Each structure stands twice: as C-alpha cells, then as structure tokens.
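Everything below concerns the one structure shown next.
Where a number appears in this text, it was derived from the coordinates with a stated rule and is not lab data. Predicted, not measured: the structure shown is a model, and the values here were computed from it. Here the Cβ positions follow ideal geometry from the backbone for every residue, glycine too, while neighbour counts run over all protein chains shown.
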Amino acid sequence: MDDIKIKLSLEFSISESDLEDGLAEYDEISVSRLIAQILDKSIAVDDVRCSVVEGPNNLEEVDELRAASSAG
C-alpha cells in the first residue's frame, strides 16, 4: 500500500483574543494554513489540505464578525 488518505472533520472553540494572538504570531497566517502546518510538523504529512467550512479563517474575517456583532 502506498499512501493512506484520511479525511476528518474538526471543530473547536477559541477565545477571540487567543485566535487573534495565534494568527498574528505567525505573521497573520490563516486558520486553515496554521492547522496544516501543525499537522505537517507533528507527523510529517506529505500532503495536507485544510479548509475552514464555518467561522473566520483570518484576522480580517474576525474583524468583520466583531463589527457585525457590534452593529446588531
């Protein structure tokens, strides 16, 4: 057998400030890229594809959510 493909669904909650700090610490990386890098560094995965299905994927989207919640 050559490669094994694993597809998973992951859901987590994080405080707004922790998310902002984490993304800013890695030069404003996206959530999907951060998760892909964590997996790659942890177990040396050959091909990691990660996408955010729901919720903010970057700091700009966090700001948009904040503005929308303040407006309404």
- Note on the structure: For the pair Ala44 and Ile14, the simple spin-label estimate (label points 7 Å beyond Cα toward Cβ) gives in nm 2.6 nm
- Task: Mind jotting down the three principal axis lengths of the chain based on Cα atoms? Whole angstrom, largest first.
- Result: 54, 23, 16
